[in-house]
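The values are calculated or read from the model by the stated rules, or taken from the named source; none is laboratory data. These numbers were taken from a predicted model, which means no experiment stands behind them. A quick note on method: Cβ atoms are made from the backbone with ideal geometry, for glycine too, and the neighbour counts reach across all protein chains shown. Accessible surface is based on the protein model in full, side chains and every heavy atom, while ligands, DNA and RNA are left aside. Shrake-Rupley method; radii C 1.70, N 1.55, O 1.52, S 1.80 Å.
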Amino acid sequence: LITPSFTIAHTHLYMALTCGMPPPSAPPKTLIDHLQWIWWPLDKALDDDLVHTSALVGCAMAAKAGVTCIVDLHSSPRAIDGSLDRIEAALDEVGLRGVLGYETSDREGRARRDAALKENRRFLKKIRAGETKHRALVGAHAMLSLNDDTLDALRELADEHGVGMHLHVAEDATDALDAERNKKARLMQRLERLGVARPSSVIAQANELSHEDVAALLSAGAFIATNPRSNQHHGVALGSGSGENVCLGTDGFDGDILAEARAYALRHEEARDGLAREVGARLYAGQVLSNRLFQDSAAPRIVAGARADLAVLDYDSVTPLT
């Protein structure tokens, strides 16, 4: 079976080497537990070589699953400068296209926040100068770790380069609670200040946003990247977004987007929300996302003039397939 190749609309290649990593001393009970006990210690352990090696392994895993484009959100607080170049080198070695962004955050202090903004800006300038074939979005961590002045800086950077943003939003209720308790605002007010509702922004998760808020983001041209296996692993809600700009990510789980699609179908069958039948549309939305970000000349279909990124699947259909 030959198909246009797949896109992972949201992932973290730096997590690719976590298979076999010892678990924390106690089982995480909340998303914050997972972040503080597993993922944040991991990203702080990365050096320059591990950034490249993780990306190389993650790209190879994705290519094996028929993926040729990866939208990656990177974090390595002890190895920020040049980190996107190291991921770029891994993408080139495997032969994939990448849409890169560094995960700007205030959780490591002002100096590292500024370094993250600088790394995003440096790679965007590289794209503008025609020095890379890859693309970029302005990267940020979840809203809970972004101060108001950082929202302004991210918005200004995206405006300067005419690009979208890539960040986690409302993976669980923490973003909304933090906005109300610590920032004295509603979450959607903070998102409006950030200016994330723009064409080709990638909003990962959005599990706890209302249908109206999701619809507003989608109508602005943003994409929602839902990640059902990660949601299940972290014990958070299942994303309920629907529409042509809702696509699939793996959130660093691995590079197997077809396994993600299967999980999406099964989890939404369990939820009885009618979305399981849209699994094909979720895969196609990822292809459309990469198509728009790279300004390909034709839609991701097997037709004359379309980009020749193809996946060959070893699949014998049990029903007639045309």
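Condition (residue is part of a helix (DSSP H, G or I), closer than 28 Å to L310 by Cα and open to solvent by less than 20 Å² (accessible area, probe 1.4 Å)) applied to region 25-48: is it met by at least one residue? I'd like the intermediate steps shown before the answer.
Kept after step one, since they are part of a helix (DSSP H, G or I), are these residues of region 25-48: 31-44, 48.
Next, only the ones that are closer than 28 Å to L310 by Cα stay: none.
Checking region 25-48: not a single residue is part of a helix (DSSP H, G or I), closer than 28 Å to L310 by Cα and open to solvent by less than 20 Å² (accessible area, probe 1.4 Å).
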Hey, does region 208-220 have a residue that's open to solvent by 20 Å² or more (accessible area, probe 1.4 Å) and either closer than 24 Å to L100 by Cβ or within 16 Å of the chain's Cα centre (by Cα) (or both)?
yes
Residue pairs, Cβ under 7 Å, 6 or more apart or interchain, first in region 173-188 and farther than 24 Å from G235 by Cβ, second assigned to a helix (DSSP H, G or I). List them.
K183/D148; K183/R190; A185/A179; R186/A179; R186/E180; M188/D213
What's the number of the only condition in (1) more than 30 Å from P300 (Cα to Cα); (2) touching a helix residue (DSSP H, G or I) at 6+ places or on another chain (Cβ under 9 Å); (3) surrounded by fewer than 18 Cβ atoms within 10 Å (Cβ to Cβ) that P77 fails to meet?
(3)
Being more than 21 Å from C247 (Cα to Cα), in a helix (DSSP H, G or I) and in contact with a strand residue (DSSP E or B) (Cβ under 8 Å, 6 or more places away or on another chain) is the filter here; which residues of region 57-104 pass it?
S83, L84, I87, E88, L91
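May I ask you to verify whether R86 is among the basic types (K, R) and over 22 Å from M165 (Cα atoms)? Before you say what the answer is, go through the steps one by one.
Details: among the basic types (K, R): yes; over 22 Å from M165 (Cα atoms): no.
The answer is no for R86.
Anything in region 180-207 that is hydrophobic (A, V, I, L, M, F, W, C), surrounded by 20 or more Cβ atoms within 10 Å (Cβ to Cβ) and over 19 Å from the mean Cα position of the chain (by Cα)? List them, or say none.
Across region 180-207, the qualifying residue is only L187.
Sort through L258, L283, L293 and tell me the only one that's of a type in the set (A, V, I, L, M) and surrounded by fewer than 20 Cβ atoms within 10 Å (Cβ to Cβ). Explain how you work it out, then say what you get.
Details: L283 fails: surrounded by fewer than 20 Cβ atoms within 10 Å (Cβ to Cβ); L293 fails: surrounded by fewer than 20 Cβ atoms within 10 Å (Cβ to Cβ).
Going through L258, L283, L293 in turn, the sole match is L258.
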Out of L310, L275, L321, L248, which single residue is hydrophobic (A, V, I, L, M, F, W, C), touching a residue at least 40 places away in the same chain (Cβ under 8 Å) and crowded, with 22+ Cβ neighbours inside 10 Å?
L248
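Yes/no per residue for (1) small (G, A, S); (2) open to solvent by less than 50 Å² (accessible area, probe 1.4 Å):
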position: R122; (1), (2): no, no
position: K125; (1), (2): no, no
position: A129; (1), (2): yes, no
position: K133; (1), (2): no, no
position: N147; (1), (2): no, no
position: T150; (1), (2): no, yes
position: R155; (1), (2): no, no
position: D159; (1), (2): no, no
position: M165; (1), (2): no, yes
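Out of all the residues in region 4-24, which are at pLDDT below 95 and either buried (at least 21 other Cβ atoms within 10 Å of the Cβ) or out of contact with any helix residue (DSSP H, G or I) (no Cβ under 6 Å at 6 or more places or on another chain) (or both)? Reasoning before the result, please.
Our first condition is that a residue be at pLDDT below 95; within region 4-24, this holds for 17-24.
Within region 4-24, T18, C19, G20, M21, P22, P23 meet the criteria.
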